Amino acid sequence: MPSFAPLAIITDPLCHRHDTGGNDHPEAPARLVAIKERLDQSQLAPIITTAQPRPAERQWLTTIHSDEYLYRFEETTLSGKSYLDHQDNQLCFESYEAALRAAGAGLTAIDLLEGSQTSRAFCCARPPGHHAERSLALGFCFLNNAAIAARYWQQAHHRRKVMIIDWDAHHGNGIQAAFEEDPEVFYLSIHEHPTWSFPGTGWQEETGLGPGKGATCNLPLPPGSDDAAVKKILLEKVEPTIDFFEPETIIICAGFDGHAQDDMSGLCYTTDLYRHLGDCAARWADRYCQGRVLSLLEGGYHLSSLAASVEAYLTGLVTLEP
Amino acid sequence: MFIARYMTTPALTIPPEMTIPVAKELLQSRHFRHLPVVDDAGKLVGVITDRDLRSAYPSSVLSGDTIKTCLAELDKTPVSTIMTRAFFTVTPASTLDDALILLDRERVGALPVVDENGKVVGIFSIRDLTKAYRTLFGLGERGSAMIVVEDDGNPKPLTRISRVLEEHKIRFTRLIRKDQDDFLDKSTIYLRVNTYNLSAVRNALKEAGFNVTIPTITPSTE
């Protein structure tokens with residue numbers, strides 16, 4: 001029987017009430033239900049403590065988003081409109097409050113990680129965040145949860161060098177845009193090649209701008225790529241990049257839509273890959289961050305694969321080396 | 001699709017009397033590779049390229065004295081003696097396709113754009129062409145994805161695809177049908193959709209009888 005490190009899961013009932021209008025919208029509350037049911041049955045259940053997030057305070061939201069956008073987002077929900085900026089971004093009356101919890105989950109998790117209660121935290125929240133830009137909702141995302149968490153970690157807990165590793169099947173355009181010129185937040189993304197994949201960004205040639213040159217790394221994969229392709233770039237590209245940057249904190253944008261069963265991308269990962277990604281995240285965190293690592297749920301839409309992949313990832317993340 | 005929309009204006013032009021060293025200096029300082037040469041009326045009489053200018057200079061393996069004599073000679077030589085008079089041009093009403101064909105066939109790097117009187121109104125380079133096609137293909141257009149659809153061989157595939165997407169209110173900007181070739185076994189349809197909801201796109205296409213495939217660089221063996 002392996003032994004596990006404690007795991008904090010930050011989640012909120014309001015995250016279930018972000019209603020994307022049914023009609024087979026993939027980013028649905030059922031995602032969180034599927035994950036919870038799976039984890040409750042898993043061997044991880046005894047080591048999980050759950051915490052409820054606080055709503056993210058405006059001062060942290062505005063490190064990433066414009067005031068105009070935040071008002072527009074809130075007003076859109078209150079006015080009874082059904083989407084923001086594009087029909088993909090369906091919302092309801094309670095979506096703004098839900099989004100504040102999804103963004104706040106990162107902040108609550110960081111406080112827990114810094115308070116030494118736990119070194120592994122997973123924000124099981126929605127709406128997701130990595131496509132949201134300063135003044136634009138995109139790809140089911142409204143508030144850029146990971147970017148807000150990165151700024152909070154730097155400014156509230158004085159951790160300077162933040163590494164964001166995003167292995168959602170899609171490129172996190174919003175995160176790249178937020179930190180492109182910032183040498184202290186490194187954004188690394190493994191995603192399906194932008195010629196084929198939404199949102200059509202994340203070219204390998206983009207490595208950051210101005211003072212941020214060298215602190216962005218895009219690793220696009222051709223459609224059909226499997227576990228072996230990811231393991232190869234983890235070894236050849238990701239490991240050396242982390243060793244070069246020596247992060248003080250790590251944020252993982254954990255999207256599970258690269259799974260072969262998930263039709264939202266052409267990537268063909270198996271559930272086992274997510275276990276491997278969990279092992280890697282734990283090792284990186286132990287090497288550079290005294291074990292602290294924050295993971296945020298991004299995509300993943302095929303319910304049973306999503307739930308199984310989350311369990312596999314978290315198992316890797318908390319399993320202690322014998 | 002018209003050159004007028006994509007050309008660089010105004011084009012820097014020079015008179016035929018300009019000497020070779022002055023023209024060389026001008027090209028280098030402005031980082032250009034092509035200069036249209038025009039007469040007093042602005043009418044195109046020739047084209048000079050950085051390569052023409054370089055080959056006008058003496059080889060560095062010659063003796064110092066010979067080089068000196070050559071350079072003194074060049075100081076007095078107008079560009080009209082070395083410019084290309086057999087040039088190719090497009091007009092503002094030419095299309096990107098016209099330019100592509102000319103640039104490709106004649107292996108030149110840029111084409112002066114002239115009006116009906118032969119007056120230079122702009123220049124269109126390979127770089128302008130790549131930028132234009134970049135826009136047309138929607139490259140870097142945030143918020144879109146490209147889907148590959150197998151042509152099922154039944155009539156009117158593009159009509160059926162457009163109809164089903166429009167019925168489902170799925171916005172798309174490009175629909176390209178690529179005929180069967182040596183590389184792909186079946187003819188393929190490329191579709192650029194402006195949505196993240198690819199499940200919805202797949203379901204709509206399935207409803208119209210189409211199969212969405214994962215693009216691959218090796219020929220299909222089906």
Roughly to the nearest percent, how much of the accessible area of the protein assembly as shown is carbon and sulfur, given a 1.4 Å probe? 53 percent
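Can you give the alpha-carbon Rg of chain B over 2.2 N^0.38 Å, where N counts its residues? Present the calculation step by step, with values, prior to reporting the outcome.
Details: Rg = 25.3 Å, N = 222, 2.2 N^0.38 = 17.1 Å.
Normalised Rg, Cα atoms only: 1.48.
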Starting from the exponent 0.38 and prefactor 2.2 Å, build the expected Rg for segment B:42-131 from its residue count and divide its actual Cα Rg by it. 1.37
Distance between Cα centroids, segment B:51-116 to segment A:81-148: provide it in whole Å. 58 Å
Using a 1.4 Å probe and counting only protein heavy atoms, how much accessible surface gets buried when A and B come together, both sides summed, in Å² to the nearest 100? 2000 Å²
Test assert for segment A:259-299: residues whose accessible surface shrinks by at least 40 Å² between chain alone and all chains, 1.4 Å probe, equal A:Asp263, A:Met264
From Cα pairs below 8 angstrom and at least 6 apart in sequence, can you work out the relative contact order of segment A:135-194, rounded to a whole percent? 33 percent
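Tell me the mean residue ellipticity at 222 nm calculated for the protein assembly as shown from its helices only (DSSP H runs of n ≥ 4, each -39500 (n - 2.57), averaged over every residue, nearest 500).
-10500 deg cm²/dmol
Taking every pair of alpha-carbon atoms in segment B:118-222, give the share separated by more than 20 Å as a whole percent. Mind showing how you got there, number by number?
On the way: 2612 of 5460 pairs.
Percentage above 20 Å: 48.
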Taking θ = phi - 60°, what integer Hz values does the Karplus form 6.51 cos²θ - 1.76 cosθ + 1.60 yield along segment A:6-21, in sequence order, with x for Gly and Pro? x, 10, 9, 10, 9, 8, 8, x, 4, 5, 6, 8, 6, 9, 9, x
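How large is the Kirkwood hydrodynamic radius of segment A:268-322, counting all unique pairs of alpha carbons, in Å?
On the way: mean 1/r = 0.0863 Å⁻¹.
Here the Kirkwood hydrodynamic radius works out to 11.6 Å.
If you restrict to DSSP beta bridges whose two residues both lie in segment A:1-131, what percentage is antiparallel, to the nearest 5?
Numbers: 2 of 10 bridges.
If I count the DSSP bridges inside segment A:1-131, around 20 percent turn out antiparallel.
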Along segment A:180-185, what does the Karplus equation 6.51 cos²θ - 1.76 cosθ + 1.60 (θ = phi - 60°) give for ³J(HN,Hα), rounded to whole Hz, x for Gly and Pro? 4, 9, 10, x, 9, 10
Checked chain A with the C-alpha gyration tensor, a ≥ b ≥ c its square-rooted eigenvalues, rounded below a/c of 1.5, otherwise prolate if a/b is larger than b/c and oblate if not; verdict rounded
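Need one number for segment A:1-43: average projected area of the convex hull over its C-alpha atoms, nm². Each step should come with its number before you reach the end.
Values: hull surface 16.1 nm².
Projected area, direction-averaged: 4.0 nm².
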Taking chain A as a Gaussian network, Cα atoms linked when under 10 Å apart, which of A:Cys141, A:Cys268, A:Cys124 shows the biggest mean-square fluctuation? A:Cys268
Cα-only Debye scattering, the protein assembly as shown: base-10 log of I(q)/I(0) at q = 0.05 Å⁻¹: -0.28
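Taking all pairs of distinct Cα atoms, average 1/r, flip it, and tell me the Kirkwood hydrodynamic radius of segment A:102-168 in Å to one decimal place. Mind dumping the intermediate values first?
Values: mean 1/r = 0.0801 Å⁻¹.
By the Kirkwood definition, the hydrodynamic radius is 12.5 Å.
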Between the alpha-carbon centers of segment B:122-139 and segment A:214-262, tell me the distance in whole angstrom. 33 Å
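Rounded to the nearest 5, what is the percent of antiparallel bridges among the DSSP beta bridges in the protein assembly as shown? Write down the numbers at each step before the final one.
Details: 35 of 70 bridges.
Taking every DSSP beta bridge with both residues in the protein assembly as shown, the antiparallel ones total about 50 percent.
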Taking accessible area as the heavy-atom solvent-accessible surface of the protein chains with a 1.4 Å probe, which residues of segment B:200-216 lose no less than 20 Å² upon going from the isolated chain to the full protein assembly? B:Arg202, B:Ile214, B:Pro215
Any idea what the dipole of chain A comes to, in debye rounded to 20, about its Cα centre with Lys/Arg Cβ at +1 and Asp/Glu Cβ at -1? 660 debye
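Rank by packing, highest mean first: peptides B:81-93, A:179-191, A:85-97, A:59-71, with packing defined as the count of other Cβ atoms within 10 Å averaged across residues.
Values: B:81-93: 15.2, A:179-191: 22.6, A:85-97: 19.9, A:59-71: 17.1.
Descending packing order for the listed peptides: A:179-191, A:85-97, A:59-71, B:81-93.
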Kirkwood-based Rg to Rh ratio, segment A:65-214, C-alpha trace: 0.97
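Please give the per residue accessible area of the protein assembly as shown, computed with a probe of 1.4 Å over protein heavy atoms only, in Å². Intermediate results must be reported in sequence, preceding the final value.
Values: 24360 Å² over 544 residues.
Accessible area per residue: 45 Å².
The values are calculated or read from the model by the stated rules, or taken from the named source; none is laboratory data. All figures in this text were calculated on a predicted structure; none of them were measured in a lab. Glycine gets a Cβ as well: all are built from the backbone with ideal geometry, and neighbour counts include every protein chain shown. With ligands, DNA and RNA removed, areas are computed over all heavy atoms of the protein, side chains included. Shrake-Rupley method; radii C 1.70, N 1.55, O 1.52, S 1.80 Å.
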